[in-house]
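Throughout, read-outs are computed from the coordinates displayed, never taken from laboratory work. Computed from a predicted model, the values in this text were never measured in an experiment. Cβ placement follows ideal geometry from the backbone for every residue including glycine, while neighbour counts extend to all protein chains displayed.
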Amino acid sequence: MTEEALLALVESADAGDVAQRRQLFASLYDELHRVAQRELRRNAHATLSPTTLLHETFLNICERETAPAVDRARFMVYASRAMRGLILNYLRDRQAQKRGGQFEITSLTTELPVAKQEDFDSVKMNEALEELIALYDGSMEFDSDELDNLTLDWEDIRQVRTGRIVQVRFRDRKEPVTGKLLVDGDSVRVLGDTDQPFARAALISIAPGEPREANYWSGNATIGFNLRRGNSEQVEANTIASARRRTVSTRVGIDYVANYNVTDDLTVTDNQRVSAGVDWFVTARLFVRPAVIEYYSDPFQNFADRWTIGAAVGYQLVDTPRVSWEFNVGPAYQRTIFDSVAEGESDRESTAALWAGTNYTNELTGDIDYTLDYRFLLVKPEAGKYSHHFITGLSLDAVGPLDVDVSFVWDRVQEPRPDSSGLVPKKDDYRLIFGLGFVF
């Protein structure tokens, strides 16, 4: 079907023609089915099938007098909003059945968008949370006895009311504001010792006032494994992992990369890198990294042990719900123990250093995330002169917390130190990793 014909079909469906809505769903069935799969993956506690959710969405939209679909893209967004509302209603009804029908959830109400264009891109939510509320990177997470664990896009939420104390961070404020939170449209109020009003656009993050430590942490791990038997025997394992601890004004990051390969009983790859740092946000985008440390070992690059310790200052160039891009730069000190060196040379080298890096993440679609992390280090020639670590990849949602990950890693040392036999290691190491990821 041509785009013009599809647009005409959307306009007819918008006017209330049920037959045209049926035809519209048939024309977009495959796309809508993928949207249903995505929404169900985001709420793993909903045991509906994508087909059932799609059919329920069709019946729901057909019951409405109008469907605010100006064009194809807006109709797809509208349908996804309808699916989210149906999933929430399903979870609410299921919990009521578990309680023998004696308990009715009244703290959460959802409404699908009405025909007014200004209301089209939002789902109205009014929530009195009992256990936990947290907002970070444009997503709101809560742990409710009635609805289990759910994550919703901040842009989908119109109203929020917390029953407990939370810490709220706003732009241009160094310290978080503590109190009960009330969000209504574009206005935000924090009810503590005083009633403090704020603009919704200034709200950055929310953390529970009486937190459990586990709620501050998130992370992911990817494991790739290859076993080969026959003319040659090969065992290869790759690991990429990271963990983050976030509060309204601080961030702790830990990253780990390791690669191991044995071919025909000969070790041909054995390296690992671990780094950790602490960020303190001075403003909404400017942060100071008072301490960062990195350990690297790769005998095939002639590094038995390499330690780097330093500090940095960083800035978030982009900080939206879907895209984040930041860079950092600072001084460092590096100490290297080489695996082997020529006779008469020292196997240790210490040097002042300058390092810098950038990190970029982009939620390309609801199912695909892209990440890029690059850092380089300038040192004296005896320590390698220049080195960098580059890792980029795609993460595709699979089932529940599991992802399918594809990563590319590039490590380079500009002037490798020759080993005791005079052999100079290659400057570049490249690696393409396919693995299964776990998100927590």
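If R0 is 30 Å, the Cβ-Cβ spacing of residue 266 and residue 439 corresponds to a FRET efficiency of close to 0.25. Summing Lys and Arg as +1 and Asp and Glu as -1 over all other residues whose Cβ lies under 13 Å from the Cβ of residue 307 gives a net charge of +1. Model label sites at residue 258 and residue 348, defined 7 Å from Cα along the beta-carbon direction, differ in position by 2.7 nm.
Shape verdict for segment 216-439, please, from the Cα gyration tensor: rounded (a/c under 1.5), prolate (a/b greater than b/c) or oblate. Mind dumping the intermediate values first?
Values: a/c = 2.42, a/b = 1.18, b/c = 2.05.
Cα axes put segment 216-439 in the oblate bin.
Peptide packing: for 339-351, 268-280, the average count of neighbouring Cβ atoms within 10 Å per residue gives the ranking 268-280, 339-351, highest mean first. Modelled this way, with points 7 Å down the Cα-to-C-beta line, the labels at residue 213 and residue 372 are 3.7 nm from one another. Rounded to the nearest 0.05, what FRET efficiency do residue 430 and residue 318 give with R0 = 25 Å and r taken as the Cβ-Cβ distance? Could you check? The calculated FRET efficiency here is 0.35.
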